[in-house]
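The values are calculated or read from the model by the stated rules, or taken from the named source; none is laboratory data. Small disclaimer: the values here were computed from a predicted structure and weren't measured. In this analysis, Cβ positions are derived from the backbone assuming ideal geometry, glycine residues included, and neighbour counts consider all displayed protein chains. These accessible areas exclude ligands, DNA and RNA; they are computed on the full protein's heavy atoms, side chains included. Shrake-Rupley method; radii C 1.70, N 1.55, O 1.52, S 1.80 Å.
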Amino acid sequence: WDEDPGIGQAIPYAVETDAETALVNMSILTDTLSGGMHLLGMRIGNGVSWSQTYTHLVGIAPNGGAIEAVEYFWDEDPGYGNATPLNFQAGEFAIVNEEIPAPEDYGSHVLVIRAKSSGIWGSSLVQNICVNATPDFTLAKDTVCCGEEIAIVNLTTGATDETVYEWDMDGDGEPDMVGGEDLAYAYDEAGEYMVTLSVKTVGECEATCSKPIVVLGTSAPSVSLSASSQEGCDGDTICFVAKALDAGLN
């Protein structure tokens, strides 16, 4: 914390490693730190050399300190106290019930929210947000037979000329069709599928919409019947079991 004792002299933690990554599971105590902003430093060594030192600012507030302010910003930090304030309901927890407007430009953005208690800004809540067109579509039916075409209407909103559409019709994660036009599709095998429309407008920022569909086989249905006994007397109970074949999942 705060002052670097030197390479190899800081508090050690055990790591679990494989060929490429190291997993560190630690609980870092803050009970000895005074109120205010503190600098947490971390680095990793392999017995031969050390990585650079990664640092993170942590705000320590006195126990029971009331929340005085909550603010947010997108992407670039304007400085503590200079971001957009959020209205909140004070109490044991600060409850914010307010809509935060999304950035107007499509792509990946970072939303940061932080609160101040006893004059000290605490650690930030950081959330990655994908701002994109909103995918949506309708299926003419939710149940079809093998070989029967189903009409699909694309209802995506907020798309631009740069928006790219990919359709995964069987849930295998691979696109079966591309394009934003309305389309028709037929399944070759019976089963339950999840139709997913994926849209990308800027970079790898992706939004998806999924809807289920049931595909029935086309074999003629039949019923087999079995009995627990072929003969009986008056008053005997005979159990009959009917089994439906090629009747579909429904």
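Computed values, structure above
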read-out	value
Strands (runs of 3 or more DSSP E) contained entirely in region 92-174, each with at least 1 residues that are crowded, with 17+ Cβ neighbours inside 10 Å and in contact with a Pro (Cβ under 9 Å, 6 or more places away or on another chain)	107-117, 125-131, 150-154, 164-168
In region 1-58, the residues that are of a type in the set (Gly, Ala, Ser), on the phi > 0 side of the Ramachandran plot and open to solvent by less than 80 Å² (accessible area, probe 1.4 Å)	Gly6, Gly8, Gly36
Residue within region 72-84 that is closer than 26 Å to Lys211 by Cα, within 22 Å of the chain's Cα centre (by Cα) and surrounded by fewer than 17 Cβ atoms within 10 Å (Cβ to Cβ) present	no
Subset of region 175-205 that is open to solvent by 60 Å² or more (accessible area, probe 1.4 Å) and outside any loop (DSSP other than H, G, I, E, B) - its residue that is nearest to Thr134 (Cα to Cα)	Val178
Strands (runs of 3 or more DSSP E) (entirely within region 2-67) containing at least 1 residues that are within 24 Å of Tyr80 (Cα to Cα) and under 30 Å from the mean Cα position of the chain (by Cα)	36-42, 54-60
Pairs where the first residue, in region 29-55, is small (Gly, Ala, Ser) and the second is loosely packed, with under 10 Cβ neighbours inside 10 Å, C-beta under 8 Å, 6+ apart	Gly45/Gly8
Glu76 under 30 Å from Thr201 (Cβ atoms), touching a Gly at 6+ places or on another chain (Cβ under 9 Å) and among the charged types (D, E, K, R)	no
